[in-house]
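Data first, discussion second: the structure below is written as structure tokens.
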Amino acid sequence: MLFVEYWELNPNFEPKKLAEAASKLLEKGEWPVPGIKLVGWYITPEYWGVTIFEAESEEAMLKDAIAWRAAVPGIFKVVKMATAMPAENVLPLVLK
């Protein structure tokens, strides 16, 4: 399944901590979590971003969010996660 995750960092959060946490999670092989393939990971200058995953289950996606929150408590102001499909595959469903 394809998932899109929108997130905003806590505005009181020091951006350097994100880089340090990401480095540790990647080095230890703790992110992405098992059952997830990272498709894209994008961040804006305003410190919000979008991550795109292929995941085996919703459980794997929740484990992903938990890994970040455990690594850096208070990191996120907002996290929104949902399954997704390529738009060209959705259009025929809508038109039926």
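Since every read-out is calculated from the coordinates, none of them should be taken as a lab result. Keep in mind the model is a prediction, meaning the values are calculated, not measured. Positions of Cβ are generated from backbone atoms using ideal geometry, with glycine treated the same way; all protein chains shown enter the neighbour counts.
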Original post:
Which lysines does Lys24 reach when only Cα atoms under 20 Å apart count, and residues fewer than 8 places away in its own chain are ignored?
Top reply: Lys16, Lys37, Lys63
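By counting other Cβ atoms within 10 Å of each Cβ, how are Thr83, Thr51 ranked from fewest to most?
Thr83, Thr51
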Original post:
If you stretched the chain out fully between Leu62 and Leu95, how much longer would it get, using 0.36 nm times the residue separation minus the C-alpha to C-alpha distance?
Top reply: 8.7 nm
Original post:
Based on the Cα gyration tensor of the range 2-95, what are the three equivalent ellipsoid semi-axes, each the root of five times an eigenvalue, rounded to whole Å and given largest first?
Top reply: 25, 16, 11
Original post:
Where the only charges are on Cβ atoms (+1 Lys, Arg; -1 Asp, Glu), what is the dipole of the chain about its Cα centre, to the nearest 20 debye?
Top reply: 160 debye
Original post:
Separation between the Phe13 and Glu54 pseudo-spin-labels, each 7 Å from Cα along Cα→Cβ, expressed in nm?
Top reply: 2.7 nm
